Every structure is written in C-alpha cells, then in structure tokens.
Amino acid sequence: MRILPCGDEALLVEVDTLPEVLGLAAVWRADPPAGVLEVVPAARTVLLRCDPARAPLAAVADAVRRTAPTAAGRDAEGGEDVQIPVDYAGADLAEVARRTGLGEVELVERHTALRWTVAFCGFAPGFGYLVPDGEWPSVPRRSEPRTKVPPGAVALAGEYSGVYPRESPGGWQLIGRTDLAVFDLDRDPPALLRPGVQVRFRVA
Amino acid sequence: MDRPRDLTGRALQVLAPGPLCTVQDRGRPGAAALGIGAAGAADRASFALGQRLVGNSASAAALEVTLGGLRLQARGDLLIAVTGAPAPLSVRDQAQDEAQDEAPAGARGDAPGARAAPGNAPFYLLDGQELTLGLPGRGLRSYLAVRGGIDVPPVLGSRSADVLAGIGPPRLAAGDVVPVGTDVGEGPAADVAPVPDPPDSVVELRVVPGPRDDWFAADAVETLCAAPYEVTSDSDRVGMRLQGASLARARDGELPSEGMVPGALQVPPSGQPTLFLVDGPVTGGYPVIAVVVRADVDRAAQARPGQQLRFRAVRPAALR
C-alpha cells in the first residue's frame, strides 16, 4: 500500500489489485477514520477526501496504514440483479470480436452469460465500471476517443464493461446499445449502477 | 443599518445575463463515488462572504456572474450584495426616461441617471429598480447574493449548476424570472467587508507535489515552479488550460483512472497542464503532478485568460 499526497485536503491510497481497493473501500465506508469526509474508490486507488480541521492528514495516514481490508473482494449490495437489455450492434463489435478471436456470437454469449458487478463509478454521473464473475478478455481502449458516444451505449475497455449514461465523448469499444436509462435525475436513486449492484446483460 | 423588512414573494427578472451567469451554492459533496462531482461556487470564499453580508443561511444559493454584464430588475424589495471580481454596480429606477433604454451603457455599465452601488456591502434594490453589473477591471467571477437566497428547485440536494455533468439549473437567460426564497440565518453582521481585490497580474498559488510527481522528470516540479503559466481562453468551471514550460514524463503507459480533486494539475502527453476547478471530473486518467492548496483554488478561479499563475511548492505539514 502506498499513501500519496493529494493537496492539503486529501490522500490517495494506492494498492495492487481491484479486490484490495474494494476491501479497503468497504471498511472505510462502514467506519471512516476521523477526518475522512468521502471515500472514492477507482481501479487501483482509493481517494480519501478529508477535513484537516477534524484530523490532520498525518493522523488519517496512520489510520489508513493500520487498516486491514475485509476479505470480501466484492462489496455486493444484495438485492435483485439489474437486467440490461442490449441491442448488440455496436460500431466496434466486429473489431472486438476479431481481436479477441471469439467471433461476434461467442462474444455476445459470454457477455450475457456472466454476472457483472459495479466495482466503482467515475468519469460521469452514473457511469459504473462493471467487472465479471468469470473469464473475460481484456480489450484495449480505442486509440482515438470518439467525440460523441450515444446515450445508452454499452462498451468495453480493459477488464470492464460500462454503459454511457448520456451522450458524451468516449474512448471505449462500443458493442451495443440499451434503451434503459442508467442515470435519471427524476428517479430515486438516480444512478442504477451503484457500487455493489449486480448486473446481467441480455439480448434485447 | 436599518433592520431588513419582511421580504416574501420576491424575484429577480433577468434583462440580460452577461457572458455566463449560473446559480451556485456550496455544492453537492458526498456523491463522488457515484461519479457525481461537488460543483458549487468556483470562488467559495467570495461566495460565502456575499451570503454573510445579506444574512443568508449557509445552504442558500447565489448567482455566479462571469465577466459582469448581468442586468436585473427587482420584483419586491431586495437586499443584495456583490462580492468577488469587482464589477461596477449601477442602480436606476425603472421610471426614468424611456429614451434611456436605448442609450448604450458604457463599458462600466453606467446608464444616464444611474447611481453607483457599493461592492462587498449589502444594499437595497427596491421593487422595479434595475441593477447593472459592468465588466470587472480585474478578476473573473462575481457573486450576487440576495437575502433569502435564489430559490430554484434543488437537484440532488443542491442548486449548483455543474457545467460538466449537466446537472442543476440551466444558465440564466434574458426573460428568466428567478424566485427569491427565505433561506436566511441571522441578520447581516457587517455593513461592509474590507476585502482585497483579486490580483490583476501574476496569481501566486501554493501547490503540494504529487500524487503522481514520480511520473515526471526529476526536475519537473522545479520546472512547474520556476516560471509562471499563462491561463488560456480554453478555461471554464471545469478547468483552466495553461500554457508554459512543458512538463516531461519519466515513464510511458497509461495510468488507471483515479479520483481527482479541485486544484489538481493534470498533465496530458502534451506536457501542458490543466488546473481543475470545481466542475472538474471525479476521476481521470492523466497523471497529476501537484495539487493547488484548497484555499488557493478560490484565487485561481478569479484568474482571467491572459493572466499568469505562479506555483510555489509546499508540504502539507507546513500548512498547519
């Protein structure tokens, strides 16, 4: 574990694997060290936003070093799986199928057979990074991001799947589209894909 | 000063919004784990001062006015204060000569028959009176606080407009009628606040090196601090694109996306840093060489395109 400085009101904790991230984030969300206001997990890090008036950063760092992550790698929220219907006709589907050597049919079968869990969010409101519960090929980002990705685009990058909540620039490989609104301000909660939520994709 | 009168059923009618006017409050912190940024006033200190001057509660919202230009008409009697970038303030009665409506306002925003109002102090804008904010001579963002607060519906617990995420109220437009609420605390505590104007030349900003200073050449932090960086016009509430000495990488490869904070100096492969402000992304994949001390982000948010930022490295322990 490395504890890196991040200005005068935060610390960035870096570890080697995603399960370690999720284990630490679970502990700190349940029982934040004194002075910690917010816990923001990502792929290999947990950002701790702090209030130095409550506890100096040095004290937060000490508490961090003493933390034993939970054994559970996936902070499952429980409840029913979210079903995401997908029209698997994304602009990059053929290319990804070719790169992975699976072919389009096999790729879609595997994508829909796996159970995915939201590991963390970032990039945009309601954008969840989903990791699978089984074997899945790692897929590189596009070398040039698109300036416009359609809302609901289902996409791949690295070990993750994701669904773009609204139209935005994006560098992930597009394999399909869903009509399901994964982020809706009029809904409570607005974000469907929150850390711990489990997901299944299916052919629309 | 006189005790404020009971104020209800009031509003601000927007005659002209200026280059950019948004509603801001103290933001919506706490949802970064859902990818939702905190947003809020870009210069928190100036925003908070304005709210104190009109006696609002800490949760009230104000208008963030970028480069002046805002013209408003009061509906009902309003208590107002303008802080931050010192926009010349002029008030005129609606009942003045109609021909004056066609008279071009000078660069300072004065119209014939108008009188000046003070900055950094509360003043009354009575029913029907018009207030004009001219172009500030220095600084970028002014805060218009009104007693009772701007009463548009909150989104996810805040009235702040997040221009990156597209969350919160839309920017103000001519014709908008912006309701004023009742979000008050104690009465105003002072008649005027002696605050220095934003600097009009080089803005000094303290930075803490890291978290990814080790992604850069050994002398990169020194380079960052050796000469000032210019604020380019490609700047907004999300961040300020800067131009100056290139910051060379010491390693190749991609950085997995990680949490970002306001004040982060993120450096893409071009070597030219971007200074994130309050609408900056919640996570990002380019290495951050240093982070501006949070209190200094307020001052960065007042730097105009063409101004220079000079960075000075400090260690967190030295800030206590």
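The values are calculated or read from the model by the stated rules, or taken from the named source; none is laboratory data. What you are looking at is a predicted structure, and each value in this text was computed from that prediction instead of being measured. Positions of Cβ are backbone-derived with ideal geometry, glycine not excepted, and every protein chain shown enters the neighbour counts. When the accessible area is computed, the model is the full protein with side chains, heavy atoms only, and any ligands, DNA or RNA have been set aside. Shrake-Rupley method; radii C 1.70, N 1.55, O 1.52, S 1.80 Å.
For the reader, a short list of remarks on this structure follows.
- Inter-chain shielding of A:39-50 (mean C-beta neighbours from other protein chains, 10 Å cut-off): 5
- Inter-centroid distance (Cα atoms) of region B:253-294 relative to region B:41-74, Å: 28
- Descending semi-axes in whole angstrom, ellipsoid equivalent of region A:96-189, from the Cα gyration tensor: 22, 16, 12
- 3J(HN,Hα) from dihedral phi, region A:152-165, Karplus parametrisation 6.51/-1.76/1.60, rounded to Hz, x for glycine, proline: x, 4, 9, 9, 10, 7, x, 8, 9, 10, x, 10, 6, x
- Near the amide H of A:Ala153, within less than 5 Å, lie the amide hydrogens of A:Tyr164, A:Thr178, all on another chain or at least 5 residues away, with H placed in the peptide plane.
- Value of Rg/Rh across chain A [Cα atoms, Kirkwood radius]: 1.01
- GNM remark for chain B: springs join alpha carbons under 10 Å apart, and the peak mean-square fluctuation among B:Ser270, B:Ser46, B:Ser160 falls on B:Ser270.
- Computed over region A:14-116: relative contact order in percent, which uses C-alpha pairs under 8 Å that are six or more apart: 25
- With all protein chains in place and ligands, DNA and RNA left out, the 1.4 Å accessible area ranks B:Cys225, A:Cys50 as B:Cys225, A:Cys50, largest first.
- Chain-alone versus full-assembly comparison, region B:249-269, residues with accessible loss of at least 50 Å² (1.4 Å probe): B:Ser257, B:Gly259, B:Val261
- Chains A and B together bury roughly 2800 Å² of accessible surface, counting both sides and using a 1.4 Å probe on protein heavy atoms.
- Whether the protein assembly as shown is rounded, prolate or oblate, judged on the alpha carbon gyration tensor where a/c under 1.5 counts as rounded: prolate
- With all protein chains kept in place, the per residue accessible area of the protein assembly as shown amounts to 42 square angstrom at a probe of 1.4 angstrom.
- Within chain B, longest stretch free of exposed GluC sites (Glu not before Pro) [DSSP loop, at most 13 other beta carbons within 10 Å]: B:1-101
- Cα gyration tensor category, rounded, prolate or oblate, for region B:136-195 with a/c compared to 1.5: oblate
- For region B:169-231, the alpha-carbon coordinates run over 55, 32, 24 Å along the three principal axes, in decreasing order.
- Alpha-carbon spread of region A:81-150, three principal axes, descending order, Å: 32, 31, 21
- Dipole size of region A:132-178 about its Cα centre, with +1 on Lys/Arg Cβ and -1 on Asp/Glu Cβ: approximately 320 debye, rounded to the nearest 20.
- Relative intensity, log₁₀ I(q)/I(0), of chain B from a Debye sum that treats every alpha carbon as a point, q = 0.16 Å⁻¹: -1.26
- Per residue of peptide A:159-172, the mean number of Cβ atoms on other chains within 10 Å of the residue Cβ is 1.
- Listed residue (B:Ala42, B:Gly157, B:Leu265) projecting farthest to the positive dipole end of chain B, Cβ model: B:Leu265
- Mean residue ellipticity at 222 nm, helices only, chain B: -2000 deg cm²/dmol; runs of at least 4 DSSP H residues each add -39,500 (n - 2.57), and the sum is divided by the number of residues.
- The mean count of C-beta atoms from other chains within 10 Å of the C-beta of residues in A:8-19, rounded to a whole number, is 5.
- GNM top mover of B:Ala117, B:Ala87, B:Ala58 - chain B, alpha-carbon springs below 10 Å: B:Ala58
- A 1.4 Å probe, protein heavy atoms only, puts the accessible area of B:Phe216 near 10 Å².
- In this calculation the C-beta distance from A:Ser138 to B:Glu222 is compared with R0 = 41 Å, giving a FRET efficiency of 0.60.
- A straight chain from B:Glu204 to B:Gln13 at 0.36 nm per residue would run longer than the Cα-Cα distance by 65.0 nm.
- Shape of region B:238-320, Cα gyration tensor, a/c cut at 1.5: rounded
- For the protein assembly as shown, a crude dipole built from +1 on the beta carbon of Lys and Arg and -1 on the beta carbon of Asp and Glu, taken about the Cα centre, is about 740 debye to the nearest 20.
- Computed magnitude of the charge dipole of region B:135-290 (debye, nearest 20; Cβ of K, R +1, Cβ of D, E -1): 180
- Converting phi to 3J(HN,Hα) with the Karplus coefficients 6.51, -1.76 and 1.60 and the offset θ = phi - 60°, region B:291-306 yields 10, 5, 3, 4, 5, 7, 4, 4, 6, 4, 5, 9, 7, 8, x, x Hz in sequence order, with x at every glycine or proline.
- Spin-label pair A:Arg98/A:Asp81, simplified geometry with 7 Å Cα→Cβ offset, distance in nm: 3.1
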